[in-house]
Amino acid sequence: MLPTTVIIFGNPKGGTSLMQAYPDMALDLPFRVLIREESDGRVVVGYYPVEILQTYGPDTAAIQPLKNLEKLVQKAIQ
């Protein structure tokens, strides 16, 4: 297996209340980022956008703190 890392980001203050209100959201929380190296040496970064959490029912305001986390990840990988 080529070099692969999964970084897990979580905040019990934000994520716990969301998962209590929407238990299925635990499938996608805490927020995870996959970093892997391809056979040609390229590095690929992947994650599910925070908006996917809206499929569980919360409104945009409820997931806004996680959107801020996603922005930090985007900035870090540029």
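Does any residue in segment 47-74 that is within 13 Å of Asn11 (Cβ to Cβ) come within less than 8 Å, Cβ to Cβ, of a residue that is surrounded by fewer than 12 Cβ atoms within 10 Å (Cβ to Cβ) and at pLDDT 95 or above six or more places away or on a different chain, and which pairs are these?
none
Of all residues in segment 1-54 being among the basic types (Lys, Arg) and not in a loop (DSSP other than H, G, I, E, B), which is surrounded by the fewest Cβ atoms within 10 Å (Cβ to Cβ)?
So, considering only residues that are among the basic types (Lys, Arg) and not in a loop (DSSP other than H, G, I, E, B), the one surrounded by the fewest Cβ atoms within 10 Å (Cβ to Cβ) is Lys13.
Provide a single number: the residues in segment 29-64 that are β-branched (Val, Ile, Thr) and closer than 22 Å to Ser17 by Cα.
The number of residues fulfilling the criteria is 6.
The values are calculated or read from the model by the stated rules, or taken from the named source; none is laboratory data. Because the structure is predicted, anything quoted here is derived from the model rather than measured. Positions of Cβ are backbone-derived with ideal geometry, glycine not excepted, and every protein chain shown enters the neighbour counts.
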